[in-house]
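Undergrad: Below: one structure in structure tokens.
The values are calculated or read from the model by the stated rules, or taken from the named source; none is laboratory data. On a predicted model such as this, the values are computed, not experimentally measured, just so you know. Because the Cβ atoms are built from the backbone with ideal geometry, glycine has one as well, and the counts that use them run over all protein chains shown.
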């Protein structure tokens, strides 16, 4: 996503937090270069909830976590993500090369079965899905294009009668 940035806050040597002046939304940006499959950071959680919120990722049917470090909650959605949350190893991993100055983005349905807030995607990627509601609402040929969490993979396998899924790990 390209837009004029009003505020930039350096989080650490790897990340900056930026605020979009038009929307007030924050986003996470690379302050370093990362290689494909590189671990950007380990993560944990500060709180666990039985139901999803706008700022949680889903670990299982009844566990939705608020990420630590907290700046990870500002990773926005894209239908062409450059990172994914490996919820088994609790690591944020690059899917492809990320250059300093790139926005860090992930595919929200990769960790969310049914999202608490659906939205119209504005990522403008060639494969933009437009309506984002969670993995439960995606056809098999779409969900299998993405690296998805173990939980979403299990749910999808059940939903699609044990059809195979890719695993990039």
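Undergrad: Where the second residue is surrounded by 13 or more Cβ atoms within 10 Å (Cβ to Cβ) and not in a loop (DSSP other than H, G, I, E, B) and the first is in contact (Cβ under 8 Å) with a residue 24 or more places away in the chain and at positive phi and lies in segment 96-120, which pairs have Cβ atoms under 8 Å and are six or more apart or on separate chains?
TA: Matching pairs, first to second residue: 101/29; 101/30.
Undergrad: Within segment 61-80, is even one residue on the phi > 0 side of the Ramachandran plot, surrounded by fewer than 18 Cβ atoms within 10 Å (Cβ to Cβ) and either touching a strand residue (DSSP E or B) at 6+ places or on another chain (Cβ under 8 Å) or not in a strand (DSSP E or B) (or both)?
TA: Scanning segment 61-80 turns up no residue that is on the phi > 0 side of the Ramachandran plot, surrounded by fewer than 18 Cβ atoms within 10 Å (Cβ to Cβ) and either touching a strand residue (DSSP E or B) at 6+ places or on another chain (Cβ under 8 Å) or not in a strand (DSSP E or B) (or both).
Undergrad: OK, next. Quick check on segment 1-29: of everything there that is under 19 Å from residue 68 (Cα atoms) and exposed (fewer than 12 other Cβ atoms within 10 Å of the Cβ), which residue is modelled with the highest pLDDT?
TA: Here the residue is 13.
Undergrad: Go through (1) modelled with pLDDT under 95; (2) out of contact with any helix residue (DSSP H, G or I) (no Cβ under 9 Å at 6 or more places or on another chain); (3) on the phi < 0 side of the Ramachandran plot one by one and return the number of the condition residue 124 breaks.
TA: Only one criterion in (1) modelled with pLDDT under 95; (2) out of contact with any helix residue (DSSP H, G or I) (no Cβ under 9 Å at 6 or more places or on another chain); (3) on the phi < 0 side of the Ramachandran plot is unmet by residue 124, namely (3).
Undergrad: Another question about this same structure. Considering only segment 81-94, state which residues are under 17 Å from residue 42 (Cβ atoms) and in a loop (DSSP other than H, G, I, E, B).
TA: 87, 88, 89, 90
Undergrad: Quickly run through segment 108-117 and pick out the residues that are surrounded by 13 or more Cβ atoms within 10 Å (Cβ to Cβ) and either out of contact with any strand residue (DSSP E or B) (no Cβ under 8 Å at 6 or more places or on another chain) or over 18 Å from residue 156 (Cβ atoms) (or both). Can you show your working first?
TA: First, pick out the residues of segment 108-117 that are surrounded by 13 or more Cβ atoms within 10 Å (Cβ to Cβ): 108-116.
Listed by number, the residues that qualify are 114, 116.
Undergrad: Within segment 30-46, count every residue that is more than 13 Å from residue 72 (Cβ to Cβ) and either outside any strand (DSSP E or B) or modelled with pLDDT under 95 (or both).
TA: The qualifying residues number 7.
Undergrad: Let me ask another. Condition (residue is over 20 Å from residue 36 (Cβ atoms), in contact with a strand residue (DSSP E or B) (Cβ under 7 Å, 6 or more places away or on another chain) and not in a loop (DSSP other than H, G, I, E, B)) applied to segment 121-143: is it met by at least one residue?
TA: yes
Undergrad: With part of a loop (DSSP other than H, G, I, E, B), under 19 Å from residue 59 (Cα atoms) and modelled with pLDDT under 95 as the only criterion, which of 157, 116 stands out?
TA: After ruling out the rest, the residue left standing is 116.
Undergrad: Restricted to segment 118-127, and to residues that are loosely packed, with under 15 Cβ neighbours inside 10 Å and farther than 23 Å from residue 158 by Cα, which residue is farthest from the chain's Cα centre (by Cα)?
TA: Per the stated criteria, the residue is 126.
Undergrad: Can you spot a residue in segment 34-50 that is touching a residue at least 24 places away in the same chain (Cβ under 8 Å), more than 27 Å from residue 155 (Cα to Cα) and surrounded by fewer than 20 Cβ atoms within 10 Å (Cβ to Cβ)?
TA: yes
Undergrad: Okay, next question. Looking for whichever is in a helix (DSSP H, G or I), surrounded by 11 or more Cβ atoms within 10 Å (Cβ to Cβ), in contact with a helix residue (DSSP H, G or I) (Cβ under 7 Å, 6 or more places away or on another chain) and touching a residue at least 12 places away in the same chain (Cβ under 8 Å) here; the options are 152, 148. Which one fits?
TA: Going through 152, 148 in turn, the sole match is 152.
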